[in-house]
Amino acid sequence: MSIEQLYRTRAKELLSSGEVKMVIGYGAGSNKERRRPLFITSAEECDKLVLDSACISNLSGYLLTEGLLSDEKRVAVFLRPEGVRALNVLAAEAQLDTAQIVIIGFDSPKGELKALEGSSVEEFTALITALKEITPETAGEEQLAKIEKMSPEERFLFWQEEFSKCIKCYACRQACPMCYCRRCIVDSNQPQWVNTSSHTLGNFEWNIVRAFHLSGRCVECGNCDRACPVNIPLRLINRKMAEEVLNSFNHFAGTSKTQEPVLASFKKDDSETFIL
Amino acid sequence: MSEPFEPKITAFVCTYCTYAGADLAGTSRLKYAPNVRIIRLPCTGRISPMFILKALQKGADGILISGCHPGDCHFTHGNYHARRRWMVFRALLAFTGIPEERIKYSWISAAEGLKFADLINSITEDIRKLGPFDQYHKLIEETQAPASL
Ligand code: SF4
Ligand code: SF4
């Protein structure tokens, strides 16, 4: 039986036994390459579920939809390892209770679909810990190395050019499971921290702020990068910041649901070579 | 002849240590460069990275952020939290091309009036050598130009 078939059956069982009230998965999209999120509440609909290597978006953000989990019923969700990490981060930040989530895990390393064992975040701990040791291939290591070799002026020019394209649509924010704030800092105007116009300065500020707020929380699922309509390589900033928190604080976002948020904790012997 | 470049430096300091240090520099009649604008905050933990961006947005050429030495924080650990944040924010700024030399961090206690005066002098000299932060100033100018239609 294909994994898709297997998981359709699984979803059916979960729904008909009443174990979950909803399954969040993938369905056919607007064309062959695309998949779109599917929210299923009855066993009959489960045949609409699609699962293949094109199912790339991280669905964990939908769990925070207002009111979805407040009746304490459970919800099943299709997740890749990044999605499970995202769940851990959200739980560590008290946004959801992982006991209410049934994971239907899968991955597709090198385009080959495989099922992942386990339905609770704890069962994925070993897998996630192993991920900490490897640098993801998709992140554009080469491009990153190139940027790091540049002089500050060149780097500024590089990002100036990229950020000048930004239209402040905030799609990156909407697509990100970690961007759950009811009131984002860019929406606040007392005081107005970030210029609202999409001129390069405002865009620079916006992208810096977002990257900072995602530092140590981003699980590099790539939702923001794919959502960006003008193709700003957000993955490069995400990768850089993930590297930074790993090297400086040995922090890998989403290893457990009780992990301390890196920027809300400290060690007395944190490095401070740069402080005069 | 154009006027010589005078760097604009914004200092965000905590009230219990560095501000008191600056005060000591004043009452001790120590002379230091007048290029610095001091902004006093309750604690280094209150110094949000947004302040740095705001100062740049308003045309600062250099920024100093300073507070109590580790272990001396009036609120016991505001400066430890701040230190982590700076570490991460600093890396981010460097990655986007905002030169590290323009943004300095220090611990200055209430007793270190001399350290404060010396630091302000040396930072002012450093920034003077670097020159105005033209790359950023150009972005600011662009925001003031009428929109092209
Ligand atoms: S910042 Fe982007 S890559 Fe990181 S968790 Fe959010 S959507 Fe995913
Ligand atoms: S998705 Fe891209 S264009 Fe839209 S706000 Fe984010 S960075 Fe800017």
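Cβ-Cβ distances below 6 Å connect the following pairs, each with a first residue in the stretch B:79-106 that is facing chain A (nearest Cβ under 7 Å) and farther than 19 Å from B:ASP134 by Cβ, a second residue that is part of a helix (DSSP H, G or I) and of a type outside the set (A, V, I, L, M, F, W, C), and a separation of six or more residues or different chains: B:HIS81/B:GLY45; B:MET87/A:SER248; B:PHE89/B:PRO49; B:ALA91/A:GLU244; B:PHE95/A:LYS240.
Yes/no matrix, rows are residues, columns are (1) outside any loop (DSSP other than H, G, I, E, B); (2) on the phi < 0 side of the Ramachandran plot:
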residue	(1), (2)
A:GLY27	yes, yes
A:ASN31	no, yes
A:GLU44	yes, yes
A:VAL50	no, yes
A:ALA54	no, yes
A:GLY61	yes, yes
A:GLY67	no, no
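Looking across the stretch B:15-42 at every residue that is of a type in the set (S, T, N, Q) and surrounded by 14 or more Cβ atoms within 10 Å (Cβ to Cβ), the one that is farthest from B:ILE103 (Cα to Cα) is identified as B:THR15. Restricting the first member to the stretch A:206-232 and to residues that are touching a residue at least 40 places away in the same chain (Cβ under 8 Å) and away from chain B (no Cβ under 14 Å), and the second to residues that are of a type in the set (D, E, K, R) and more than 10 Å from ligand 1 (Cβ to nearest atom), the beta-carbon pairs closer than 6 Å and six or more apart or on different chains are A:VAL230/A:LYS165. Please pick out the residue among A:GLU153, A:GLU161 that is assigned to a helix (DSSP H, G or I), away from ligand 2 (no atom under 16 Å from the Cβ), under 30 Å from A:GLY202 (Cβ atoms) and within 14 Å of another protein chain (Cβ to nearest Cβ). The unique qualifying residue is A:GLU153. Looking at B:ALA82, B:ALA33, just one residue is part of a helix (DSSP H, G or I) and small (Gly, Ala, Ser), and that residue is B:ALA82. Against the definition (within 16 Å of ligand 1 (Cβ to nearest atom), under 30 Å from B:GLY59 (Cβ atoms) and away from chain B (no Cβ under 14 Å)), how does A:TYR170 come out, yes or no? Considered against the rule, which asks whether it is within 16 Å of ligand 1 (Cβ to nearest atom), under 30 Å from B:GLY59 (Cβ atoms) and away from chain B (no Cβ under 14 Å), A:TYR170 comes out as yes.
Does the stretch A:165-183 contain at least one residue that is of a type in the set (S, T, N, Q) and free of Cβ contacts under 8 Å to residues at least 40 places away in the same chain? No, every residue in the stretch A:165-183 fails to be of a type in the set (S, T, N, Q) and free of Cβ contacts under 8 Å to residues at least 40 places away in the same chain. Across the stretch A:243-263, a minimum of one residue is classified as more than 16 Å from ligand 2 (Cβ to nearest atom) and on the phi > 0 side of the Ramachandran plot. None of B:PHE12, B:PHE5, B:PHE51 is surrounded by fewer than 17 Cβ atoms within 10 Å (Cβ to Cβ) and either within 13 Å of the chain's Cα centre (by Cα) or more than 18 Å from A:HIS213 (Cα to Cα) (or both) except B:PHE5. Identify, from the list A:GLU272, A:GLU260, the residue that is among the charged types (D, E, K, R), within 8 Å of another protein chain (Cβ to nearest Cβ) and under 25 Å from B:ASP72 (Cβ atoms). None of the other options fit; the residue is A:GLU272. For the stretch A:188-231, the set of residues classified as among the small types (Gly, Ala, Ser) and more than 12 Å from ligand 2 (Cβ to nearest atom) consists of A:SER188, A:SER197, A:SER215, A:GLY216, A:GLY222, listed by residue number. When A:CYS169, A:CYS181, A:CYS218 are checked against the criterion of being under 23 Å from A:PRO81 (Cβ atoms), of a type outside the set (S, T, N, Q) and assigned to a loop (DSSP other than H, G, I, E, B), A:CYS218 stands alone in meeting it.
Could you identify the single residue in A:SER151, A:SER70, A:SER120, A:SER108 that is of a type in the set (Ser, Thr, Tyr) and outside the structural domain of A:GLY25 (by TED's automatic domain parsing)?
So the residue among A:SER151, A:SER70, A:SER120, A:SER108 that is of a type in the set (Ser, Thr, Tyr) and outside the structural domain of A:GLY25 (by TED's automatic domain parsing) is A:SER151.
The values are calculated or read from the model by the stated rules, or taken from the named source; none is laboratory data. Since this is a predicted model, take the numbers as computed values, not measurements. We place every Cβ from the backbone using ideal geometry, glycine too, and count neighbours over all the protein chains shown.
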